[in-house]
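Comments concern the structure below.
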Amino acid sequence: MKQIQSSVRRWRRVWLPAMCMLGATAVSAQEQERDLQFVPLESAWDAGPSLRRGGGGSMSLPFFDDFASPTFAVEEGPEALVRWTDASARRTFTYGLNAPTVGQATLDGLRADGFPYAFNPESNGWADTLTSVPINLAGRTPEDNIHLIFFYQGGGRGNAPDENDSLVVEFLAPDGGELAWSQVWSAIGQEMDTFAMADVHVDQSIHLQDGFRFRFRNHGALGGNVDLWHLDYVILDDNINPDNFGFFEVAFTEPRHALTEPYSMMPWTHFLADPAGFMRDSLETRHRNMSGFQADNVTCGLKVRNADTGEEQDFLNPFSNTFVAPFEEFSTPYYIQTGANGVVPSGFAFGAAGNDTAVTFEVSLYEDAIGILEQERVGVPDNDSIVFTQVFRNEYAYDDGTAEKAYGLTTDGGKLAMRYDLAVPDTLYGLAIHFTPYYDQQSDLNFLLRAWGDDAGQPGEELGDNYAFHQPAYFTDGADVFAYYEYDDPIPVEGTVYVGMVQEMEFALNIGLDKNTNYNFSRLYYQLGLGAEWTLSTIEGSVMIRPVLQAGVDEVFVGVEDVAAKAPVADLLAAWPNPAQEQIILAWAGDALPKRWTVVDLSGRVLDAGFWPSGADRMILPVADLPRGLALIVVEGPEGQRMTRRIALH
């Protein structure tokens with residue numbers, strides 16, 4: 001029986017934001033829903049208008065952010081849009097419930113790199129911080145009625161902070177330096193399904209100075225995407241009467257992520273098999289009139305740009321909201337390809353890809369600009385527009401690229417199978433899986449990849465033989481990273497196929513669960529141990545397991561022996577767990593054994609070295625005494641070839 005583990009690789013995606021985590025909630029004895037993590041939008045931003053600057057380079061009033069645009073300094077968006085100098089907090093789009101506008105700032109127990117502050121269920125303390133840029137309040141007086149107004153929510157779609165947790169606002173007295181922060185407002189943790197408005201008067205002379213700053217901080221659990229607070233619509237301005245304060249704003253309130261269904265992602269060659277069938281007939285966007293005034297003739301449109309060829313199409317929605325009452329929430333339908341009223345006359349909006357295998361389209365849903373600052377941010381998503389990327393590449397996905405919660409089975413030997421109906425025959429190479437860091441680090445728990453054929457609408461006969469052990473992988477290069485796991489051998493597939501895993505232990509593996517799509521109820525099956533029946537999931541959402549296909553190669557059905565013979569030499573070496581703390585197992589799949597191994601840091605400095613043990617196809621490499629961080633394991637093969645594995649030591 002083959003016991004060699006395939007390598008685990010980072011699997012990045014370009015997608016519209018969002019991910020959360022809630023407290024562990026057992027829906028049944030063995031099928032669990034828990035809480036998860038978020039995804040930022042990766043896109044190219046065009047420059048917007050310059051900030052008005054006062055003395056000393058500080059920003060002048062008004063300060064405003066609705067978190068729909070890349071306003072964090074670390075996001076590397078246009079400098080003119082930067083409002084926040086640090087970003088252990090993150091911009092999210094799907095965590096908030098009944099949010100004022102699309103886009104929020106979320107504070108939780110995750111570091112800026114997506115890893116928990118402490119992988120420990122008992123850890124508590126100060127977590128995220130969101131600090132404003134310097135603001136010039138020199139010469140101002142209390143009579144100027146300068147107020148900080150913002151909306152906040154505990155939990156939303158994520159894990160709610162409890163009564164021992166808090167959200168605070170602190171002001172900086174510029175003359176006192178970095179030690180001159182003082183708390184001016186706080187909220188006790190609670191579960192909230194709406195946003196509350198807060199008001200803080202800036203009326204102390206120590207704050208009415210050039211270089212004034214304010215910041216938000218949260219105190220709570222440090223073990224992952226837990227104890228969430230969401231912020232929206234932050235305003236600092238003068239001449240404000242908080243008892244009679246209104247907004248002139250009609251804004252989107254929720255994101256959208258795909259023009260296709262049921263798949264949010266699929267290979268381009270598969271899409272072309274039936275483009276009209278995979279395009280949505282319609283969708284709708286949600287809006288809110290935040291003003292006490294009537295809004296008339298709110299029109300919307302749809303713009304699609306081919307990121308590879310530059311071709312752009314702009315489709316005006318024939319439907320217009322002619323009357324919107326004050327404070328009304330309303331929706332706008334887009335009949336994409338239905339009859340004469342279809343937004344896209346051709347039937348689908350995606351033109352020639354420019355190549356045969358993959359293509360990316362940038363999609364914008366927009367409305368007339370009606371904003372609080374009455375300015376148009378050309379090329380930049382704000383709450384008058386929704387921007388996302390529609391990616392076609394060699395994987396299928398139901399999820400929208402966000403994971404508000406986590407999913408797991410609590411049975412040793414439990415099996416998980418997600419159904420995919422392939423448009424054309426192909427070859428299955430592996431799975432892209434998102435695991436979320438949630439209190440306990442599960443990187444020492446084993447699972448095996450599995451694939452099944454269809455048996456009258458549920459998983460049937462196993463496809464291929466897969467004996468390689470894998471473990472959940474966590475990364476520190478972003479909050480939304482998929483790990484890629486290879487099957488032992490490529491598997492020819494066509495029609496309906498089920499992909500997933502069988503776990504070794506009874507502990508939940510905390511797979512990402514997207515709560516903004518819902519395909520589990522018709523496509524996710526689980527089996528609780530040997531001999532148990534397949535059961536259709538009852539947990540709402542979409543488990544984030546994606547099949548990765550050969551897609552685009554002319555000869556789809558390649559013999560397993562041929563693929564194995566052509567496998568690169570580097571695939572003979574496996575290393576796990578990764579990340580690691582105490583030890584790493586190195587396994588060799590070749591007939592002739594390696595000669596020696598070396599561990600080096602990224603600068604090339606040798607950390608450890610030795611000879612491969614005689615007669616053994618695997619070895620245990622102690623790493624507890626090595627420096628923490630990234631390193632490379634270099635193994636010299638029997639013919640002098642060098643194979644490398646990148647590892648993370650925690």
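A short reminder: the numbers here are calculations on the coordinates, not readings from a lab. Please read these numbers as outputs of a predicted model, since none were measured by experiment. Virtual Cβ from ideal backbone geometry, glycine too; neighbours counted across all protein chains shown.
Order by neighbour count: GLU75, GLU163, GLU494, fewest other Cβ atoms within 10 Å first, most last. Walk me through the numbers on the way to the answer.
Details: GLU75 19, GLU163 8, GLU494 14.
By the 10 Å Cβ count, ascending, the order reads GLU163, GLU494, GLU75.
Mind giving me the nanometre distance, one decimal, between the label points for ASN239 and GLU636, set 7 Å out from Cα along Cα→Cβ?
According to this spin-label approximation, the distance is 7.7 nm.
Could you check the spin-label model distance between THR535 and VAL600? Points 7 Å from the Cα along Cα→Cβ, value in nm.
Each label point is offset 7 Å from its Cα along the Cβ direction, giving 5.2 nm.
Sorting PHE245, PHE67, PHE469 on the 10 Å Cβ count, fewest up front, what's the list?
Details: PHE245 13, PHE67 30, PHE469 20.
Placing the least packed residue first, the sequence is PHE245, PHE469, PHE67.
Mind jotting down the distance between the C-alpha centroids of region 399-442 and region 613-650, whole Å?
Here the two parts' Cα centres lie 28 Å apart.
Please give the Cα centre distance for region 232-261 versus region 125-176, rounded to the nearest Å.
When both Cα centres are located, 17 Å separates them.
Cβ neighbours within 10 Å, averaged per peptide: list 99-112, 499-512, 614-627 in order, most packed at the top.
Working: 99-112: 26.9, 499-512: 22.6, 614-627: 12.6.
With the highest mean Cβ count within 10 Å placed first, the list reads 99-112, 499-512, 614-627.
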